[in-house]
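Structure record follows, encoded as structure tokens.
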Amino acid sequence: MSEAKKIILDSAEPARLELREVSAGYDGKLVLHDVSFQVPHGARVAVVGPNGAGKSTLFKVLVGLLPIRSGEVLIHGLPLGAHQDCVAYVPQRNDIDWRFPVTVSDVVMMGRFRHLARLQRASIHDRAIVLHCLEQMRIANLAKRSIGELSGGQQQRVFLARALAQEPHILLMDEPFTGVDAATQEATLALLDDLQAQHVTAMISTHDLNLTASRFEHVLLLNHQVVAYGLVSEVFTPQTLGQAFSGQVLMLPNGMALVDECCPPAEHEAKVI
Amino acid sequence: MIEWLMKPLTYEFMQRGLLASTLVGVLCAVVGCYVVLRGMAFLGDALAHAILPGVALAYLLDGNLLLGALIAAIVVAVLISFFSRQGTIKEDTAIGILFAAALSLGVLLISSIRTYAVDLTHILFGNVLGVSGDDLFITAVLGVVVLGIIALFFREFLVISFDPVLAATLRIRAERFRLLMLILLALTIVVSLQTVGVGLVAAMLVTPGAAAYLLTRRLSSMMIVAALIGAVSSVVGLYLSFYLSVASGAAVVLTATLLFLLAFLCAPARGLLPRWWHTRSTRRTQTRTA
């Protein structure tokens with residue numbers, strides 16, 4: 001492969017999350033080929049790539065929703081599944097029944113289920129954590145509301161609060177900035193800063209190269225394979241971007257790259273970095 | 001009034017009937033909450049009809065009718081999940097095929113029985129007033145077992161019903177709990193046969209749960225309210241049956257239906273009338289401000 005692929009995150013910290021030549025896909029189609037990278041303790045990594053590059057697939061593999069064809073995933077040096085609840089996942093779209101009779105605080109409390117004893121009510125400690133997570137996402141005032149009564153951005157924040165309540169070591173968010181209001185985007189970014197202070201490892205997939213460049217230190221450029229991985233300044237070069245987005249990137253003479261994301265239907269946007 | 005209420009209780013068959021139908025009313029209502037929320041109403045109805053060949057076979061072999069019913073229900077439940085898991089046909093298609101096949105097999109077997117079978121008609125239409133002491137005991141034991149399992153795995157069932165993705169990240173074995181749910185449903189249906197019969201079990205599963213859904217906003221309170229509606233319908237239905245000399249199962253189901261209609265019209269947040277009132281009053285304020 002290219003030179004770019006050899007950029008490896010340099011850190012003295014032990015790797016908290018490591019993928020070794022992982023391949024995965026659906027039915028006959030392989031979406032990820034030989035993906036290998038390490039995320040050190042407490043890093044915040046943006047996962048960037050064209051549509052269909054396997055960003056969501058990567059996350060599904062990491063939470064055990066999709067079986068691995070070959071290779072291995074190690075968390076704290078142990079294979080996937082050895083830890084019961086150290087990875088939290090906020091999917092891009094929640095395929096849930098929004099009319100289900102649960103309140104906002106019920107949903108966030110689900111994040112505590114692994115910590116609760118069978119047949120026992122949630123302890124004061126668990127309730128305090130739930131309340132804290134709701135406050136952090138600025139939705140404590142909605143605690144008693146039904147999940148179906150909320151707006152899209154508020155619903156997103158409920159699921160972020162739930163992921164937070166899981167007290168994960170690794171947090172995965174799939175496109176948390178797509179189609180949400182400014183308040184939710186800000187709350188999400190503030191949450192990421194807090195998590196970084198607590199040394200929680202976070203991987204966030206996004207289309208927004210601008211946001212990646214301004215708010216992330218590390219980026220994983222994915223297009224079925226790892227195109228490049230490392231510091232934003234090293235990864236975001238015309239060469240690697242061109243490789244990742246192939247035909248969808250336009251290089252401007254002054255060193256700017258224009259990424260045209262024409263693939264999602266009814267969504268035609270250009271982003272400049 | 002007191003005398004009116006006490007009179008049926010002087011008969012032993014009414015005491016047993018009331019106890020049995022209250023138990024079944026509560027059990028069906030609680031399990032029914034999952035039936036309503038997971039859209040399994042068709043499955044519930046199909047399972048109820050699918051027990052027919054098991055009952056007929058048990059009758060022919062002089063075996064225990066309830067046991068025959070239970071085996072048939074579980075076999076059909078497992079077959080439905082087998083056929084639809086292959087992904088080649090949709091679940092409701094699989095249910096439709098197996099339900100009709102099982103029902104036909106049951107009818108075939110029953111038509112081969114020459115003698116008039118009173119027991120079989122009781123399975124079909126229920127006969128709560130013919131409940132024996134043993135029946136009541138079996139109903140109570142199975143009821144406690146089913147409710148106990150639902151309480152024990154409340155959080156698991158909640159998560160697999162509400163958010164399968166979270167269930168996977170929490171490493172909850174969703175397939176196993178889905179099968180357990182099917183078995184609990186089969187048990188509930190079989191236990192209910194004596195009171196409401198094959199034809200009306202589905203109503204006892206769905207109606208109290210649907211009414212409770214309109215009145216509550218949390219699963220635990222939905223279950224409690226559904227259980228109350230199930231119990232009240234059973235008792236009221238049985239009194240109606242006693243004084244009006246009408247079929248008990250039908251009286252119970254129609255009482256539950258009436259309670260559902262009340263909830264549908266008057267439920268504070270989701271009812272038809274409060275919503276209509278709300279839109280009307282907001283429209284009025286809008287026109288007034290305009």
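Some notes on this structure:
- Any hit, the stretch B:117-133, residues being modelled with pLDDT under 85, in a helix (DSSP H, G or I), aromatic (Phe, Trp, Tyr) and within 26 Å of residue B:246 (Cα to Cα): yes
- The residues of the stretch A:196-228 that are surrounded by 19 or more Cβ atoms within 10 Å (Cβ to Cβ) and assigned to a helix (DSSP H, G or I), listed by number, are A:209, A:212.
- A count restricted to the stretch A:99-139 and to residues that are assigned to a loop (DSSP other than H, G, I, E, B) and loosely packed, with under 14 Cβ neighbours inside 10 Å stands at 7.
- For the stretch A:140-157, the set of residues classified as surrounded by fewer than 16 Cβ atoms within 10 Å (Cβ to Cβ) and either away from every other protein chain (no Cβ under 14 Å) or touching a Leu at 6+ places or on another chain (Cβ under 9 Å) (or both) consists of A:141, A:149, A:151, A:152, listed by residue number.
- Residues of the stretch B:254-282 classified as closer than 16 Å to residue B:226 by Cβ and in contact with a Gly (Cβ under 8 Å, 6 or more places away or on another chain), total: 4
- Residue within the stretch A:28-35 that is under 24 Å from residue A:195 (Cβ atoms) and either charged (D, E, K, R) or at pLDDT below 85 (or both) present: no
- Residue in the stretch A:174-184 that is within 14 Å of chain B (Cβ to nearest Cβ), buried (at least 20 other Cβ atoms within 10 Å of the Cβ), outside any loop (DSSP other than H, G, I, E, B) and within 17 Å of the chain's Cα centre (by Cα) present: yes
- Residue match in the stretch A:98-121 (condition: in contact with an Asp or Glu (Cβ under 6 Å, 6 or more places away or on another chain) and among the basic types (Lys, Arg)): yes
- Out of B:71, B:97, B:89, sole residue that is surrounded by 17 or more Cβ atoms within 10 Å (Cβ to Cβ) and of a type in the set (Val, Ile, Thr): B:71
- When residues of the stretch B:1-44 are limited to those that are small (Gly, Ala, Ser) and part of a helix (DSSP H, G or I), the one farthest from the chain's Cα centre (by Cα): B:17
- Residue match in the stretch A:117-138 (condition: farther than 27 Å from residue A:211 by Cβ and at the interface with another protein chain (Cβ under 9 Å from one of its Cβ atoms)): yes
- Among the residues of the stretch B:162-198, the one identified as free of Cβ contacts under 8 Å to residues at least 40 places away in the same chain and on the phi > 0 side of the Ramachandran plot is B:171.
- Test: residue in the stretch A:194-207 that is of a type outside the set (D, E, K, R), in contact with a strand residue (DSSP E or B) (Cβ under 8 Å, 6 or more places away or on another chain), in contact (Cβ under 8 Å) with a residue 24 or more places away in the chain and more than 29 Å from residue B:171 (Cα to Cα): yes
- Condition check for residue A:160 on (1) surrounded by 23 or more Cβ atoms within 10 Å (Cβ to Cβ); (2) outside any helix (DSSP H, G or I); (3) under 17 Å from the mean Cα position of the chain (by Cα): one failure, at (2).
- Checked against the criteria, residue B:185 does not count as within 14 Å of another protein chain (Cβ to nearest Cβ), under 25 Å from residue B:23 (Cβ atoms) and aliphatic (A, V, I, L, M).
- Out of B:161, B:192, B:132, one residue alone is buried (at least 18 other Cβ atoms within 10 Å of the Cβ), of a type in the set (Gly, Ala, Ser) and away from every other protein chain (no Cβ under 14 Å). It is B:192.
- Candidate set from the stretch A:49-98 (those that are part of a strand (DSSP E or B) and facing chain B (nearest Cβ under 10 Å)); member that is surrounded by the most Cβ atoms within 10 Å (Cβ to Cβ): A:88
The values are calculated or read from the model by the stated rules, or taken from the named source; none is laboratory data. Here the structure is a predicted model, which is why all the values come from computation and not from measurement. All Cβ positions, even for glycine, are placed from backbone atoms using ideal geometry, and neighbour counts span all protein chains on display.
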